[in-house]
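Please read through the structure below; I'll follow up with questions.
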Amino acid sequence: MSDEYQEKSFISLTDIHLAPLSLGDQEVGLIDNFLGKRFLELGCGAAQNSIVADRNGACAVAVDGSSRQLYHALKLRVESNSDVELVKADLENLDWLKSESFDYVISMFALEFVEDIERFIAQCFRALHADGTFILSTVHPLSAFNWDHEKSQLIVSDYFNPPLEIWKDLKSEDNPPNFTLFRTIGEIFTTISNAGFVVEKLLEPVAEHKMDRAEIPYGGEYWEPFRDRLERIPFAIVIKARKP
């Protein structure tokens, strides 16, 4: 899905995006300071957030498991004259990361593709300095359920057992199907807390209908069909946590 996603999405290179059609970090204020900080992004896509960090004085490392996403990241790195380090790696296997080597670890919309959530969160904890910051944005569990367009309402069958989303590239029979895992807020929060983090903020961003769409850091053709839904139901859960 990388090519279509990057083509049809607008993702800012000047503001950290947190959720589609919603405010970015310049307004929300989860990141205190970029200058001179070591910044790790896991599941970076085309590394837009890492490029933002680099432009603001951070030393940024961007990791993704998709060669095609990193192809787009490489193009953006050249176009933006950025020094972001790009790494292809499986997010389930981050043992190669040096312990206590980053001030910030962020991950936007990657956790839903990771099977072993405990291992992933533990590796994020290990990679951070003491007093380091972890910022996670992942799909809200309510995004697993169908939206009734005629009634403008969500149809929730069983919140505690959300469906597994399976999707496949119809253009290529060689690629195996992929999946999206939906987790309850309780499971996500508890896993982060059990890893040793202190959760400081938990947000459920709403789509902004009053802002000029050009000011929204994460939007575009890919997301506009969902605007009616996202003004009523959160697509993402965003957590800021600190490593003591």
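Counting just the residues of the range 122-160 that are aliphatic (A, V, I, L, M) and assigned to a helix (DSSP H, G or I), which one comes out nearest to Lys98 (Cα to Cα)?
Checked the range 122-160; the qualifying residue nearest to Lys98 (Cα to Cα) is Ala127.
Could I ask something else about it? What is the number of the single condition among (1) of a type in the set (D, E, K, R); (2) modelled with pLDDT of 90 or more; (3) touching a strand residue (DSSP E or B) at 6+ places or on another chain (Cβ under 9 Å); (4) part of a loop (DSSP other than H, G, I, E, B) that Lys201 does not meet?
Among (1) of a type in the set (D, E, K, R); (2) modelled with pLDDT of 90 or more; (3) touching a strand residue (DSSP E or B) at 6+ places or on another chain (Cβ under 9 Å); (4) part of a loop (DSSP other than H, G, I, E, B), Lys201 violates only (4).
Here is a follow-up. Would you confirm, using the coordinates I've provided, whether Phe102 is surrounded by fewer than 22 Cβ atoms within 10 Å (Cβ to Cβ), over 23 Å from Arg227 (Cα atoms) and touching a helix residue (DSSP H, G or I) at 6+ places or on another chain (Cβ under 6 Å)?
no
Consider Ile216 carefully, then state whether it is out of contact with any Phe, Trp or Tyr (no Cβ under 6 Å at 6 or more places or on another chain), among the hydrophobic types (A, V, I, L, M, F, W, C), at pLDDT 95 or above and within 22 Å of Asn49 (Cβ to Cβ).
In short, no.
Report those helices (runs of 4 or more DSSP H) wholly inside the range 1-106 carrying at least 3 residues which are at pLDDT below 95 and touching a His at 6+ places or on another chain (Cβ under 9 Å).
Those helices (runs of 4 or more DSSP H) span 2-8.
Quick one: is Ala207 not charged (D, E, K, R) and not in a loop (DSSP other than H, G, I, E, B)?
Here the answer is no, as Ala207 does not meet what is asked.
In this structure, does Ile239 turn out to be part of a strand (DSSP E or B) and modelled with pLDDT of 95 or more?
Considered against the rule, which asks whether it is part of a strand (DSSP E or B) and modelled with pLDDT of 95 or more, Ile239 comes out as yes.
Could you tell me which numbered condition Ser193 fails, if it satisfies all but one of (1) more than 20 Å from Pro20 (Cα to Cα); (2) among the small types (Gly, Ala, Ser); (3) at pLDDT below 95?
Evaluating Ser193 over (1) more than 20 Å from Pro20 (Cα to Cα); (2) among the small types (Gly, Ala, Ser); (3) at pLDDT below 95 leaves (3) as the failure.
Just one of Ala195, Ala236 is in contact with a strand residue (DSSP E or B) (Cβ under 6 Å, 6 or more places away or on another chain) and of a type in the set (A, V, I, L, M); which is it?
Going through Ala195, Ala236 in turn, just one is in contact with a strand residue (DSSP E or B) (Cβ under 6 Å, 6 or more places away or on another chain) and of a type in the set (A, V, I, L, M): Ala236.
While we're looking at this one, here's another question. Name, by its number, the condition in (1) in contact (Cβ under 8 Å) with a residue 60 or more places away in the chain; (2) closer than 29 Å to Ser67 by Cβ that does not hold for Leu154.
Looking at each condition in turn, Leu154 falls short on (2).
When the residues of the range 10-27 are narrowed to those that are of a type in the set (A, V, I, L, M, F, W, C) and touching a strand residue (DSSP E or B) at 6+ places or on another chain (Cβ under 7 Å), which ends up surrounded by the fewest Cβ atoms within 10 Å (Cβ to Cβ)?
Phe10
I'd like to check something: does the range 108-121 contain any residue that is at pLDDT 95 or above, more than 16 Å from the chain's Cα centre (by Cα) and assigned to a loop (DSSP other than H, G, I, E, B)?
yes
Let me ask another. Please go through the range 74-120 and give me each residue that is free of Cβ contacts under 8 Å to residues at least 40 places away in the same chain and acidic (Asp, Glu), ordered by number.
Glu79, Asp83, Glu85, Asp90, Glu92, Asp95, Glu100, Asp116
The values are calculated or read from the model by the stated rules, or taken from the named source; none is laboratory data. Quick caveat, the model's predicted, so the values are computed rather than measured. Because the Cβ atoms are built from the backbone with ideal geometry, glycine has one as well, and the counts that use them run over all protein chains shown.
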